[in-house]
Structures are given as structure tokens and as C-alpha cells.
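The values are calculated or read from the model by the stated rules, or taken from the named source; none is laboratory data. None of these values were measured; they are calculated from a predicted model. Here the Cβ positions follow ideal geometry from the backbone for every residue, glycine too, while neighbour counts run over all protein chains shown.
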Amino acid sequence: MKSVDPILVLENVHTAYLQKEILRGVSLTIHSGEIVLLVGENGSGKSTTLKVIAGLLTPSQGSVRFQDRDIKGLDISQRQRIGVGYLMQGGRVFPNLTVQENFNLTTEQAHTQGTPFALGDWFPVLRKRRQQRAGLLSGGQRQMLAIELVIAQTPNLLLLDEPTAALSQVVADEIMAVLSAYVERQSTACILVEQRIEAVSTISARSLQLIMGQIASK
């Protein structure tokens, strides 16, 4: 169920990368309880939109408001501290650390809100692999760990860039089920960039289409 007040509002956001304008006036509104899928052709601005929200790219024009606060001037670590969680393409783990060490490092540095989660609360298979080096996990398990590391920060807004890329349908379905459960349980929101549309068929998601750096009119 949508909250009355939006958790995220982008208004007329323009962003250039390597002197090429990628976003050309993106405006969108996201409420708590929503899972929103960004769709569009390669180069349409999907990943760039996530990077702007996460704080990796700074808009040249427009506003970014999170929980009714202007966050345009905050960097990625500052946004993490106020509840923005970001998973970049391919996920990120420390391959030479064990699963447990990856988790401990993340939770020690995170500014969690409420009761912190334990390793394996969302992907139980990780408990059985806690002493295994992350670099020796299967591709699916490594992505599960990367996602659990983001969730361990208890974000109010999840940003995930192709979380099921190159994974089996079984693993993709499990990841989508976890994301849906997290959003519902925590009353948060999630924005997904996902090429495999069938991967999100099991969850309720609203779609926004990007065409040449703009949200298409419905």
C-alpha cells in the first residue's frame, strides 16, 4: 500500500556523463510500499537514474528529494546513512574475505535503523557458507550475499541495478521474493533496473519507461 507522502521525488533532472547528456528532464515519484521497474533500451538512462539517486552522479539541473529532504548535495555514503541502499551491476563483495567477514564489515560500518539483521535472515543458504571465502561462492550465492549486504544496512529505499543478470530462473525468483518481502515487511520502496522482465513477473511492480533520457508519458 502506498504511503500518503512520497519517499522519493525527482523533478526535471538533467545529468551528463563524459560531456554527453544522458538524462533530459526525468521526473518521478515513488511511495513506500512500491516496487518500481525502470525499463528502456540500452543507453536510455536507467542505470544513470539509479546513480543519480544513489549519489554517484550529480544532476546538472533539477532536484532530488528523499523523505521530503533535498539530498542533491549529499554523497553516496551520506545517502546510505539516511537510508538509501544501492546495488550496482554485478553486486560487490570482498572475494578474499569469508561470507561472515563480509557481513561483519558491512554491519560495523552501516548506520542501521531499528533491529539489525543477522547473516542469513534473508538468504538462509549463506549461514551454511559463513566460513567460506566469498570468491568461492557460486554466482547466485555471491549475488545473494551482495544483496544481503545492502539489506543489512536497513535502507528505506532499495536501488538495484540488474540484480538477476546471468542467474538461473530459480535464483532470480528467490531474489525477487526476498526483495518483495523486504519492501512489505519494512514498509520501504524499491527501484529495479532489470533486463529480464520475466524475472520480475512474480512480484507486483509498477513500470516506468525511459526513452532517450525521459520518462515516457502514459
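Yes or no: segment 151-158 includes at least one residue that is more than 21 Å from residue 209 (Cβ to Cβ), small (Gly, Ala, Ser) and without any contact (Cβ under 8 Å) to a residue 60 or more places away in the chain.
Quick first cut of segment 151-158, residues more than 21 Å from residue 209 (Cβ to Cβ) only: 151-156.
From the residues that got through so far, the ones that are small (Gly, Ala, Ser) too are 152.
Adding the requirement that they be without any contact (Cβ under 8 Å) to a residue 60 or more places away in the chain leaves 152.
Yes, the conditions are met somewhere in segment 151-158.
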Condition first: under 23 Å from residue 32 (Cα atoms), in contact with an Asp or Glu (Cβ under 9 Å, 6 or more places away or on another chain) and modelled with pLDDT of 95 or more. Can you find one or more residues in segment 98-120 that meet it? no
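Can you say whether residue 56 is modelled with pLDDT of 95 or more, surrounded by fewer than 20 Cβ atoms within 10 Å (Cβ to Cβ), in a loop (DSSP other than H, G, I, E, B) and not hydroxyl-bearing (Ser, Thr, Tyr), as far as the supplied structure shows?
Working: modelled with pLDDT of 95 or more: yes; surrounded by fewer than 20 Cβ atoms within 10 Å (Cβ to Cβ): yes; in a loop (DSSP other than H, G, I, E, B): yes; not hydroxyl-bearing (Ser, Thr, Tyr): yes.
In short, yes.
Does residue 110 qualify as being in contact with a Phe, Trp or Tyr (Cβ under 7 Å, 6 or more places away or on another chain), buried (at least 18 other Cβ atoms within 10 Å of the Cβ) and under 22 Å from residue 161 (Cα atoms)? Steps first, answer last, please.
Numbers: in contact with a Phe, Trp or Tyr (Cβ under 7 Å, 6 or more places away or on another chain): no; buried (at least 18 other Cβ atoms within 10 Å of the Cβ): yes; under 22 Å from residue 161 (Cα atoms): yes.
So residue 110 does not fit the description; no.
Just to check your reading of the model, which residue among 36, 93, 64 is hydrophobic (A, V, I, L, M, F, W, C), outside any loop (DSSP other than H, G, I, E, B) and more than 13 Å from the chain's Cα centre (by Cα)?
Details: 36 fails: more than 13 Å from the chain's Cα centre (by Cα); 93 fails: outside any loop (DSSP other than H, G, I, E, B).
Step by step, each of 36, 93, 64 is checked, and only 64 is hydrophobic (A, V, I, L, M, F, W, C), outside any loop (DSSP other than H, G, I, E, B) and more than 13 Å from the chain's Cα centre (by Cα).
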Please work out which one of (1) within 30 Å of residue 65 (Cα to Cα); (2) over 12 Å from the mean Cα position of the chain (by Cα) is the condition residue 98 fails and give its number. (1)
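Quick one: in segment 137-181, of everything that is hydroxyl-bearing (Ser, Thr, Tyr) and surrounded by 19 or more Cβ atoms within 10 Å (Cβ to Cβ), which residue is nearest to residue 8 (Cα to Cα)? Outline the logic, then answer.
First, pick out the residues of segment 137-181 that are hydroxyl-bearing (Ser, Thr, Tyr): 138, 154, 164, 168, 180.
Of the ones still in play, those that are also surrounded by 19 or more Cβ atoms within 10 Å (Cβ to Cβ) are 154, 164.
Values: 154: 17, 164: 24 Å.
The selected residue is 154.
Going through segment 182-218 one residue at a time, which ones are part of a strand (DSSP E or B) and touching a strand residue (DSSP E or B) at 6+ places or on another chain (Cβ under 7 Å)? Break it down into steps so the answer makes sense when it comes.
As a first pass, look at segment 182-218 and keep what is part of a strand (DSSP E or B): 189-193, 206-211, 214-215.
Of everything in segment 182-218, those that are part of a strand (DSSP E or B) and touching a strand residue (DSSP E or B) at 6+ places or on another chain (Cβ under 7 Å) turn out to be 189, 190, 191, 192, 193, 206, 207, 208, 209, 210, 214, 215.
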Need pairs with beta-carbon distance below 6 Å; first residue within 18 Å of residue 153 (Cα to Cα) and of a type in the set (Ser, Thr, Tyr) and within segment 60-86, second part of a strand (DSSP E or B) and at pLDDT 95 or above; sequence gap 6+ or separate chains. 86/159
